[in-house]
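Peer 1: Sharing a structure below in structure tokens format, with a few things to ask.
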Amino acid sequence: MSDSCHEAALTAASVLRKYAAEVDDQARFPVESFAALREAGLLGLVVPTGYGGAGAGLDVYVDVAQVLAGGCLSTALAWAMHCQQTDAIARFGGPELRERVLPRVARGELYIASVTTERGKGGHLLSADAPLDARGGRLRIERDAPVVTGASVAEGFLITMKEGAGLPANAVSLVYADRDALSVAETGEWDTLGMRGTQSLGVRLSGEVPADQVVGGPGGFRDVAVESMIPMAHLGWSACWLGAARAALGELVTGLRGPGRRGPDTASELVRERLARIRVDLELTSGYLHRVEQEVSAARAAGRSLGETVVQIHLNTLKVAASELTFRAADRMMQFAGLAAGYSKTSPLPVERTFRDLRAASLNYANDRLLTATGSLMLLDRSVVLG
Ligand SMILES: Cc1cc2nc3c(=O)[nH]c(=O)nc-3n(C[C@H](O)[C@H](O)[C@H](O)COP(=O)(O)OP(=O)(O)OC[C@H]3O[C@@H](n4cnc5c(N)ncnc54)[C@H](O)[C@@H]3O)c2cc1C
């Protein structure tokens, strides 16, 4: 199964690669690439087999994320966030919601976007401002969402909302809404330095859903975040960033060795040392990614919570380290390749786009937030069990 998913990802990645420069240039959503993911069954990668999905584990998830990101990081990141949403519904959705949603995801008909960021509270994941309004078994949603990857095309949204008016900001519910149940009004554009193909527009969502579409129960978002969304996000994003940096390095080295080779003199020791430094960054990211993936997989297999302090520290460290190391690798690739092959937009190597894209990694859920959270957790952890 893992081999067939890997093969499917390789096939899809060739489509992603074809459109990567165009979606970056036009800052538009990669619809063609997403069509390839739908066609390949990859939207249903983590959907349990009982609902028609591939039922893949986290090892396959991080492998596929790396392969896809080697084609187009924007597409891969949007896909990884969709898998995050799917995992949350599969683990915490009620039976009716799972039955309504998961078979459609498995068939490639339903791409689910993520709505957690909110104007005012900013990126903070575990709080919400806008309240749900419950009336007669229905929930009214009025939500300002300043950054939503794939907002223009997603067929569904998973949205954090305050459980009800008058409750504290940490009483957060996670609600699923079909696009058809909402009016989606564009409120902000997406014209950024990098990750342009995610087309993460600002939108205002208004509508109503049945009360059984709260994932994890009313006010139950914290558990969903700890057991599903955070691990899926940090593993998936890190794998995506690594896959993009690795693909760029592969092309860089191929360019040095191939016929009509270009770039710096490979006989130079300085050149070799610079190459090795790039490799060190990616080796460390890869090693830690796999270590944390195995830790999370083992905990899940044993039915242990991922809320343990040490596991949370490792998951936060992974996101921070992967975002910094892969960006540093991209920066080093830029320096290595030089002006024409690296810095130029028209270079046949993807170094310039990868550099711009990876600059977003530390902002995509601000590293500052994770570092302060990790520092607080460390005060509770005298064991200092390292990953
Ligand atoms: C490519 C991309 C795609 C995204 N897609 C989505 C999406 O689909 N859905 C969604 O909801 N969001 C999405 N986001 C938003 C993202 O997850 C973050 O929430 C958002 O980028 C945070 O924005 P911010 O840095 O302005 O705000 P904040 O996280 O609120 O931070 C504001 C500033 O305060 C600093 N700061 C925050 N906390 C601390 C602290 N404790 N100590 C010190 N400094 C601190 C930050 O470093 C930053 O400088 C996406 C972002 C990117 C880059």
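Peer 1: Tell me the mean residue ellipticity at 222 nm calculated for the chain from its helices only (DSSP H runs of n ≥ 4, each -39500 (n - 2.57), averaged over every residue, nearest 500).
Peer 2: Values: 11 runs with 196 residues, N = 387.
After summing the helix terms and dividing by the residues of the chain, the value is -17000 deg cm²/dmol.
Peer 1: Still on this structure, I have one more. Report, to the nearest whole %, how much of the accessible area of the chain belongs to carbon and sulfur atoms, 1.4 Å probe, protein only. Walk me through the numbers on the way to the answer.
Peer 2: Numbers: 8580 of 16250 Å².
Using a 1.4 Å probe with all protein chains present, the chain comes out at 53 percent carbon and sulfur.
Peer 1: Relative contact order for the chain: what percent, with Cα pairs under 8 Å and sequence separation of 6 or more?
Peer 2: RCO, the chain: 16 percent.
Peer 1: I would also like to ask the following. Under 1.5 on a/c is rounded, so check that first for segment 113-215, then, if it is not, pick prolate when a/b is larger than b/c and oblate when it is not; a ≥ b ≥ c are the square roots of the alpha carbon gyration tensor eigenvalues.
Peer 2: Taking the square roots of the gyration eigenvalues as a ≥ b ≥ c, segment 113-215 is oblate.
Peer 1: Let me ask another. Evaluate the chain: find the radius of gyration of its Cα atoms, find its Kirkwood radius, and give the ratio Rg to Rh.
Peer 2: Values: Rg = 20.7 Å, Rh = 21.3 Å.
Here Rg/Rh amounts to 0.97.
Peer 1: Report the accessible area of HIS314, computed with a 1.4 Å probe over the heavy atoms of all protein chains in place, in Å² rounded to the nearest 10.
Peer 2: Rounded to the nearest 10, the figure is 10 Å².
Peer 1: In nm, what is the difference between 0.36 nm times the number of residues separating VAL31 and LEU284 and their Cα-Cα distance?
Peer 2: 87.8 nm
Peer 1: Label-point separation (nm) for ALA267 and ARG304, each offset 7 Å from Cα along Cα-to-Cβ?
Peer 2: Inter-label distance under the simple model: 5.5 nm.
Peer 1: Efficiency by 1/(1 + (r/R0)^6): what FRET value for SER344 and HIS6, r their Cβ-Cβ distance, R0 = 35 Å, to the nearest 0.05?
Peer 2: Values: r = 33 Å, r/R0 = 0.94.
Efficiency for this residue pair is about 0.60.
Peer 1: Could you give the accessible area per residue of segment 112-202, probe 1.4 Å, as a whole number in Å²?
Peer 2: 39 Å²
Peer 1: Amide H to amide H under 5 Å from VAL215: which residues, 5+ apart in sequence or cross-chain, H placed 1.01 Å off N in plane?
Peer 2: LEU174, VAL175, TYR176
Peer 1: Another question about this same structure. So, counting K/R as plus one and D/E as minus one, what does the shell of residues with Cβ under 13 Å around ALA36 add up to?
Peer 2: It works out to a net charge of +1.
Peer 1: Another question about this same structure. Check every DSSP H run in the chain and write down those whose alpha carbon atoms cover 24 angstrom or more along the long axis and whose mean Kyte-Doolittle hydropathy is 0.0 or greater.
Peer 2: Membrane-span-like by this criterion, though nothing is claimed about a membrane: 73-92, 230-257, 309-338.
Peer 1: Rounded, prolate or oblate, given the Cα gyration tensor of segment 113-161, with a/c below 1.5 counting as rounded? Display every interim value, and only then the final one.
Peer 2: Details: a/c = 2.39, a/b = 1.20, b/c = 1.99.
Because a/c hits 1.5 or more and a/b fails to exceed b/c, segment 113-161 counts as oblate.
Peer 1: Shape call for segment 221-378 from the C-alpha gyration tensor, a ≥ b ≥ c root eigenvalues: rounded (a/c under 1.5), prolate (a/b greater than b/c) or oblate?
Peer 2: Prolate shape, in that a/c is at least 1.5 and a/b is the bigger ratio.
Peer 1: Given the Cα-Cα distance of ARG135 and ALA169 and 0.36 nm per residue of separation, how much length would full extension add, in nm?
Peer 2: On the way: separation 34, 0.36 × 34 = 12.24 nm, distance 2.07 nm.
Length gained between ARG135 and ALA169: 10.2 nm.
Peer 1: Additional query: In straight Cα distance, which lysines are under 23 Å from LYS162, not counting same-chain residues fewer than 8 positions off?
Peer 2: Within the straight-line limit of under 23 Å, LYS162 reaches these lysines: LYS121.
Peer 1: I've got another one for you. Can you give the extra length, in nm with one decimal, that the chain gains between ASP368 and LEU386 once fully stretched, where that is 0.36 nm per residue apart less the Cα-Cα distance?
Peer 2: 4.4 nm
The values are calculated or read from the model by the stated rules, or taken from the named source; none is laboratory data. In this text the structure is predicted, and so the values were computed from the model without any measurement. FYI the Cβ positions are ideal-geometry reconstructions off the backbone, even for glycines, and counts take in every protein chain you see. Each accessible area value is taken on the protein alone, full model and side chains, heavy atoms only, with ligands, DNA and RNA left out. Shrake-Rupley method; radii C 1.70, N 1.55, O 1.52, S 1.80 Å.
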